[in-house]
Every structure is written in structure tokens, then in C-alpha cells.
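Comments concern the structure below.
The values are calculated or read from the model by the stated rules, or taken from the named source; none is laboratory data. Note that the structure is predicted; figures quoted are calculated from it, not measured. Here Cβ is always computed from backbone atoms with ideal geometry, including for glycine, and neighbour counts include all displayed protein chains.
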Amino acid sequence: MSRAYEGFTAEERAAMKEHAEERKKEARRRSRADKAAEAERDVLDKIAAMSDSDRELAERVHAIVKANAPTLAPKLWYGMPAYALDGKVVCFFQNADKFKARYATLGFNDTAKLDDGDMWATSFALTRMTPEVEQRIAALVRRAVG
């Protein structure tokens, strides 16, 4: 029995629309310095608008990435806080509320240098920020930028 394609969810359509708006906004920015400062403001504004539990996690992730991988530039990516190297997203924070998930996610794209043999994790569920979790995130981010 095959199921008919039902299309994208409302959350997925919203994320694609956010991505299109982000691209337009990026194109309108003037200088490189303006782009970087405005992109970080956009990320911080997005984090500030999150629910309390997601916001606490996102703020810590942002601080950890900035401290451990200063070469990564904050930017929005499909409406999520993300961190890019030379314009390519290396890692991102997906808040639980975005897709009505039970946990937030720290994800890594294929530009992240996390390769470990024939199989490795590219995303991690986040439910609480403990010192151990902070250390693991810091190590992953440092490794991701190699």
C-alpha cells in the first residue's frame, strides 16, 4: 500500500519562506562589516524570540560557538541560528518549537570536519545545558572547523 505525497508541513513551508527572506536580506546588505554585524543581530533577535527553554540552550550554544570557533560567522539559515565558514553553514541550532519536536537539536552540515570512519553523528539532541554538555559542544565545534 502506497501513501500519497502530502507535501511539506506548515513548519517546513515556513522555514523555506524564512530562508528566501534571509537570502533577500543578505543581498541588500552593503559592506562585509555591515553584513556580519547585521547577521549576528538577526541571530540574537531570533534567539531572543524563542521560548524560555529553547532560548537558554540557544544562548549557550551561541556563546560556546563564538568562544571555541571564532572563525565561524553567525547567520540565520532556514530561520535557525547557524554558524558559517566562508558562507557555508557548518553548524546550526534547531529549537524544539520550530518543528514541534520534543527536543532542540545541534546539527552539523557536511562542511564540518567530524568524519570518523564510515559512520558518525551529524546532529545531537539537546534537552539541558550542563557543564558536561557544554564541554562536548565546545569539542565538537572545535573539531568541526578543524
Problem - Close pairs (7 angstrom Cβ cut-off, 6 or more residues apart or separate chains): in contact (Cβ under 8 Å) with a residue 12 or more places away in the chain in the stretch 121-141, of a type in the set (Gly, Ala, Ser) and buried (at least 16 other Cβ atoms within 10 Å of the Cβ) anywhere - result: Thr122/Gly107; Ser123/Gly107; Leu126/Ala104; Val141/Ala69
Exercise for the section: Would you mind telling me which numbered condition in (1) at pLDDT 95 or above; (2) in contact with a Leu (Cβ under 7 Å, 6 or more places away or on another chain); (3) outside any loop (DSSP other than H, G, I, E, B) Arg55 fails? Expected result: (2)
Practice task
Among the residues of the stretch 23-64, write down those that are surrounded by 15 or more Cβ atoms within 10 Å (Cβ to Cβ), over 15 Å from the mean Cα position of the chain (by Cα) and not small (Gly, Ala, Ser).
Solution key: Glu26, Lys35, Glu38
Practice task
Mind telling me which of the residues Thr130, Thr105, Thr111, Thr122 ends up being of a type in the set (Ser, Thr, Tyr) and out of contact with any strand residue (DSSP E or B) (no Cβ under 9 Å at 6 or more places or on another chain)?
Solution key: Thr130
Exercise for the section: Show the residue pairs that are 6+ apart or on different chains and have beta-carbon atoms under 7 Å apart, the first residue being within the stretch 1-22 and modelled with pLDDT of 85 or more and surrounded by 13 or more Cβ atoms within 10 Å (Cβ to Cβ), the second being assigned to a helix (DSSP H, G or I) and of a type in the set (D, E, K, R). Expected result: Glu11/Lys98
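Please enumerate the residues belonging to the stretch 87-120 that are acidic (Asp, Glu) and free of Cβ contacts under 8 Å to residues at least 40 places away in the same chain. Break it down stepwise before answering.
Initially, the stretch 87-120 is screened for residues acidic (Asp, Glu), giving 97, 110, 115-116, 118.
Selection gives Asp110, Asp115, Asp116, Asp118.
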Fill in the blank from the handout: Scanning the stretch 74-90 for residues that are surrounded by fewer than 19 Cβ atoms within 10 Å (Cβ to Cβ) and farther than 16 Å from Arg142 by Cβ gives Tyr78, Asp86, Gly87, Lys88
